[in-house]
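The values are calculated or read from the model by the stated rules, or taken from the named source; none is laboratory data. On a predicted model such as this, the values are computed, not experimentally measured, just so you know. Methodologically, a virtual Cβ is constructed for each residue, glycine included, from the backbone with ideal geometry; neighbour enumeration extends over all protein chains shown.
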């Protein structure tokens, strides 16, 4: 009864529906035909297709570029640039390890010279891969003399024993102040500085413990001051003999990486302090490599 009442309400709202036999085809009235006049299609004046495809089954697009990117890894830098950055990082890590080893070698030398360091007669410092043992004139040489004090011979022999266990080339350099000297023994500060360096070298050669092939001796007179010559204190600091240990930079791969770093990032290269000495070259060439 509820369905019949609902059907009556629907009939009043939408009108009486035709009862169609199942066998009969559906019938209807075209609204467009009644309300609108039929349109007449006109052909396009230019029959040209602007869009086309070669292969509808192609699922990926191949893009050729001069630089290859590792998109899956989530980066947008060329693989060549990433490889170069990784190579530079490896070189920097190796150099950092070498510098730490140099600093440890300097601590070993300072331990052997701690008494003289406390007296202000010897200084030890490091710069990059270089160790400098600075023997001041105070207590080591008499004024205007190249004769080593007897108290310094045991010190230099102990220093020699430590140097023999550390790698690197050794340069013994003599220095003076700007006050000229002219004596029967020394005609100039050049001779004085050189003779003092030779005296130190002969002392560390005793006992045949240190290989002489590792050592070079030179005198610089007053050309390389570390303090002002205008005061007595500054001149006293300039009168000295320096033992410079220049340690190596590893294999050719590290040296090549440093050359590239010096060219590409000079500021970072300078921060490593590998070229602080103008006399000692950064890259030592073998005689077979000179052309």
Report summary line: Checked against (1) surrounded by fewer than 18 Cβ atoms within 10 Å (Cβ to Cβ); (2) modelled with pLDDT under 90; (3) under 27 Å from residue 273 (Cβ atoms); (4) touching a helix residue (DSSP H, G or I) at 6+ places or on another chain (Cβ under 6 Å), residue 158 satisfies every condition except (3)
Requested in this report: Given the conditions (1) buried (at least 19 other Cβ atoms within 10 Å of the Cβ); (2) at pLDDT 90 or above, report the number of the one that residue 229 does not fulfil.
Outcome: (1)
Requested in this report: Just give me the residues in region 151-180 being more than 38 Å from the chain's Cα centre (by Cα) and either assigned to a strand (DSSP E or B) or under 10 Å from residue 222 (Cβ atoms) (or both), in sequence order.
Outcome: 178, 179, 180
Query raised in the report: Would region 211-223 turn up any residue that is touching a residue at least 24 places away in the same chain (Cβ under 8 Å) and under 13 Å from residue 148 (Cβ atoms)?
Result: no
Requested in this report: Pull up region 181-220, narrow it to residues that are part of a loop (DSSP other than H, G, I, E, B) and under 36 Å from the mean Cα position of the chain (by Cα), then point me to the one that is surrounded by the fewest Cβ atoms within 10 Å (Cβ to Cβ).
Outcome: 211
Report task. Quick one: in region 239-273, of everything that is touching a strand residue (DSSP E or B) at 6+ places or on another chain (Cβ under 6 Å) and surrounded by 19 or more Cβ atoms within 10 Å (Cβ to Cβ), which residue is farthest from residue 143 (Cα to Cα)? Result -> 246
Query raised in the report: How many of the residues making up region 120-131 are out of contact with any helix residue (DSSP H, G or I) (no Cβ under 7 Å at 6 or more places or on another chain), in contact (Cβ under 8 Å) with a residue 60 or more places away in the chain and crowded, with 19+ Cβ neighbours inside 10 Å?
Result: 1
Requested in this report: Could you check how many residues of region 161-180 are modelled with pLDDT of 90 or more, buried (at least 21 other Cβ atoms within 10 Å of the Cβ) and in contact with a strand residue (DSSP E or B) (Cβ under 8 Å, 6 or more places away or on another chain)?
Outcome: 6
Requested in this report: Can you confirm whether region 134-151 contains a residue that is surrounded by 13 or more Cβ atoms within 10 Å (Cβ to Cβ), modelled with pLDDT of 85 or more and more than 27 Å from residue 187 (Cβ to Cβ)?
Outcome: no
